[in-house]
Amino acid sequence: MGIHLDARVGEIAESVLLPGDPLRAKFLAEKYFDNPVCHNQIRGMFGYTGYVNGKKISVQGTGMGVPSISIYVTELIQTYGCKNLVRIGTCGAIQPELKLGDTVLAITASTDSHVNTLTFGGREYAPHADFELLKMAYNSGKALGHQVKVGSVFTTDSFFVDDLEKEYEIWRRHGVLGVEMETSALYTLAARFRCRALSILTVSDQLVTGERATAQERLTAFTAMMEIALACLKSL
Ligand code: HPA
């Protein structure tokens, strides 16, 4: 057993999908898994393990932000031996051409989180996706007919900012596609423990125009992202 996960060793698959929202983990397991079993309920952070085309796959909620995802990913890797970690989340787009519902594959993540600054003694580490997973997700997304963009994201500790334009202008100028709150931590931990990781993100907010997806649009777009992620993990 872990500290924040009460599954027994062996109950969680090597390949894990990671939504921030634990209710999305439940939704995914009930919609796509054969014989889903709930492997975690601590703190209501649901995790399920089941089968997709005979392949054992898990889904585990991570909560929001760098500290929360870091706890779950560290336990999944260190206690349960997980090897393939695919975040399925949302991002706010900071480039005008991105539309609500588009899928972003994060090739790398810059951050304002202080965790890596401390870890790397003030020097900059460049957290990056696993190339194989990225390639598979890109090909699956295109084959499934989705709008897939590959690029960098910005992982922030602050969801609410006083002045969006001031905060994100420098990132927009450097071509960063979107803002979210977990990817730099996922990629850094995966690199440290020699695991594969990828963040697949649906654009839920267009921060340039101020548009926000409705609950229904979020669900539909979330389904697209889950199908891309499952297509990757099934074929590993
Ligand atoms: N900021 C940070 N994270 C996010 C956002 C946002 O606007 N939208 C979705 N995840």
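The values are calculated or read from the model by the stated rules, or taken from the named source; none is laboratory data. Computed from a predicted structure; not experimentally measured. In this analysis, Cβ positions are derived from the backbone assuming ideal geometry, glycine residues included, and neighbour counts consider all displayed protein chains. Just the protein is used for accessible areas: all its heavy atoms, side chains included, with ligands, DNA and RNA removed. Shrake-Rupley method; radii C 1.70, N 1.55, O 1.52, S 1.80 Å.
Each residue in region 145-176 was checked for being away from the ligand (no atom under 11 Å from the Cβ) and either farther than 23 Å from V115 by Cβ or open to solvent by 30 Å² or more (accessible area, probe 1.4 Å) (or both), and 17 pass. State whether one or more residues within region 212-222 are open to solvent by less than 50 Å² (accessible area, probe 1.4 Å) and part of a strand (DSSP E or B). Looking for residues that are open to solvent by less than 50 Å² (accessible area, probe 1.4 Å) and part of a strand (DSSP E or B), one finds none in region 212-222, hence no. When G2, G65 are checked against the criterion of being at pLDDT below 95 and open to solvent by less than 40 Å² (accessible area, probe 1.4 Å), a single residue qualifies: G2.
Within region 177-207, if we keep just the residues that are among the charged types (D, E, K, R) and open to solvent by less than 30 Å² (accessible area, probe 1.4 Å), the residue that is farthest from the ligand (Cβ to nearest atom) turns out to be E182.
For K26, are the conditions met, namely being modelled with pLDDT of 95 or more, surrounded by fewer than 23 Cβ atoms within 10 Å (Cβ to Cβ), closer than 19 Å to C82 by Cα and among the basic types (K, R)? So K26 fails the test.
For region 110-169, residues that are over 20 Å from Q95 (Cα atoms) and hydrophobic (A, V, I, L, M, F, W, C) total 12.
Quick check on L5: is it touching a residue at least 60 places away in the same chain (Cβ under 8 Å) and either among the polar types (S, T, N, Q) or under 13 Å from R87 (Cβ atoms) (or both)? The answer is no for L5. Going by what's in this entry, would N84 be described as touching a Leu at 6+ places or on another chain (Cβ under 7 Å) and at pLDDT 95 or above? Judged against the criteria, N84 is a match.
Yes/no matrix, rows are residues, columns are (1) open to solvent by less than 10 Å² (accessible area, probe 1.4 Å); (2) within 16 Å of the ligand (Cβ to nearest atom):
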{"site": "S70", "(1), (2)": "no, no"}
{"site": "K83", "(1), (2)": "no, no"}
{"site": "I88", "(1), (2)": "yes, yes"}
{"site": "G101", "(1), (2)": "no, yes"}
{"site": "A126", "(1), (2)": "no, no"}
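A quick yes/no check of all residues on (1) in contact with a helix residue (DSSP H, G or I) (Cβ under 9 Å, 6 or more places away or on another chain); (2) within 21 Å of L233 (Cβ to Cβ):
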residue	(1), (2)
Q95	yes, no
L105	yes, yes
L118	no, no
P127	yes, yes
W171	no, no
E182	yes, yes
C195	yes, yes
